[in-house]
Amino acid sequence: MDDSDRYLRLLLDGTADPGLLDATVLAARARSAQVGELPEAEVRRHVRALIEGVLTSLAGGGEADPAALEAAGRLGSDRARQGVPVAALLDGFQAGREYLVRRLTTEGRRQGVPDGVLLDGLTAIDGVTTALVHRMVHAHRTAELEMAQTTREGQAQLLRRLLHGEPTPHPAPLDAATAYHCVVSDVSDPSVASRLEGALTEAGPGLSALVDGRMVALVARLPDLPADVPLMVAAPPRRPADLAPPYALARRALTAGTRAGLTGLRHLGDLALLTAADGEPDLGRLLADTLLAALVPGDPFHRELAETALAYLDHGTRIEPTAAALHVHGNTVKYRLRRLRDLTGRPLAAASVADTAHWWWALRTWLDAAGPAAR
């Protein structure tokens, strides 16, 4: 028997020794806490398969045997599904490999196997185990991605059912007793939605998915977001079973706010009048015809008057903030308001809240009808 055969025989004898398998399993479980928490029989099953795969590969000329690669893939996939991180998986694998190599080297020297032959054998083992590690890592990451996709699809389905008012007996991962804000956006790009989801859930855990073609999130707390993020409408907090009505309202508010050119995170209540007005265009036209009959849509000066009046109402009927928003002098605002009163025969500073709301609604409707140039 030549030296290389003696080394192969050493491997055969070693892998048949139950004590070697036990010690290798112990080394793997001791090195990695997550692997150590798994049942010993589960670790033993994989270690045995890998040792046998390495042996088969070496006996076949040193290339990783397909069965060994398959065993490594199963190990990586199983550990991912068991919640063992890839780093912990590799720690356990490396500990087992180190013990096995040390044990075989010690026994080989005891039996008089030349160091050169031992070195060649260890090099061959390294080549095989490297291929096995690559297969394990790939399988682990593939399984993680599949689980993440499955989990996300399940959560998206849960969110759709909740927001559409369908029976949902198991609201996990939501807490059935916790109230959540339903945040609706017009974002449909998954990459943009992912960034917004991260910003929304920064203040606390939540659930997000694309529902009805747009990103929707449920969050227990609303974060502070910059004003230049895409428009998002946040409904008041409700328990999961009661989310369908506020979701429908938030969608309407989102449509109205988008048409108005709004951005940022907005509370649904702050958009109540805008949403109601957007949903009743006939009433808006009636008010515009009644209050602004004297204005001519094609007249640039009349457009200017309407824009100034709307800005005046939007800024709490205060001259200076209105002038700053329009980049004009305060006296210009006063002059335009007087000219509007002369043309319409009605004072803009109405005596009642209802009258003020009617003016605001009429002005918006008139400017929308006048076309983009008016805005």
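For the pair residue 33 and residue 270, label points projected 7 Å from Cα toward Cβ lie 4.4 nm apart. When you count the other C-beta atoms within 10 angstrom of each residue and take the mean per peptide, 40-49, 295-304 line up highest first as 40-49, 295-304.
Ranked by the mean number of other Cβ atoms within 10 Å of their residues, highest first, the peptides 215-222, 153-160 come out as 215-222, 153-160. Computed from point charges on the beta carbon alone (+1 for Lys and Arg, -1 for Asp and Glu), the dipole magnitude for the range 153-254 about its Cα centre is near 280 Debye.
With the dipole of the chain worked out from charges on the C-beta (+1 for Lys and Arg, -1 for Asp and Glu) around the Cα centre, which of 140, 263, 165 lies farthest toward the positive end? It is 263.
Between residue 42 and residue 263, the simple label model (points 7 Å from Cα in the Cβ direction) yields a spacing of 4.9 nm.
Close amide H pairs (under 5 Å, H built 1.01 Å from N) link residue 267 with 234, residues at least 5 positions away or on another chain. 3J(HN,Hα) along the range 63-78: 7, 4, 6, x, 5, 5, 5, 5, 5, 5, x, 4, 4, x, 5, 5 Hz, from the Karplus curve 6.51 cos²θ - 1.76 cosθ + 1.60 with θ = phi - 60°, whole Hz, x for Gly and Pro. In a reduced charge model with +1 at each Lys and Arg Cβ and -1 at each Asp and Glu Cβ, the chain shows a dipole moment near 1300 debye about its Cα centre. Can you give the local net charge around residue 365? Use residues other than it whose beta-carbon is closer than 11 angstrom to its beta-carbon, Lys and Arg +1, Asp and Glu -1. Result for the local shell: -3. In sequence order, the range 206-219 has phi-based couplings of x, 9, 9, 6, 7, 10, 6, x, 9, 6, 10, 10, 10, 9 Hz under the Karplus curve 6.51 cos²θ - 1.76 cosθ + 1.60, θ = phi - 60°, and Gly or Pro positions carry x.
Taking 17 Å as the cut-off, the amide N atoms of the range 225-254 that come nearer than this to a point 7 Å along the Cα-to-beta-carbon line of residue 189 belong to 228-232.
Distance between the pseudo-spin-label points of residue 210 and residue 327 (7 Å out from Cα toward the beta carbon): 3.8 nm. Less than 5 angstrom separates the built amide H of residue 186 from none of the residues sequence-distant by 5 or more or on a different chain. Charge tally for residue 175 (other residues, Cβ to Cβ under 15 Å; Lys, Arg +1; Asp, Glu -1): +2. Surface listing: 152, 364 arranged by accessible area from highest to lowest gives 152, 364, probe 1.4 Å.
The values are calculated or read from the model by the stated rules, or taken from the named source; none is laboratory data. Given the structure is predicted, the values throughout are model-derived calculations rather than measurements. Positions of Cβ are backbone-derived with ideal geometry, glycine not excepted, and every protein chain shown enters the neighbour counts. Surface areas here come from the heavy atoms of the whole protein model, side chains and all, with no ligands, DNA or RNA. Shrake-Rupley method; radii C 1.70, N 1.55, O 1.52, S 1.80 Å.
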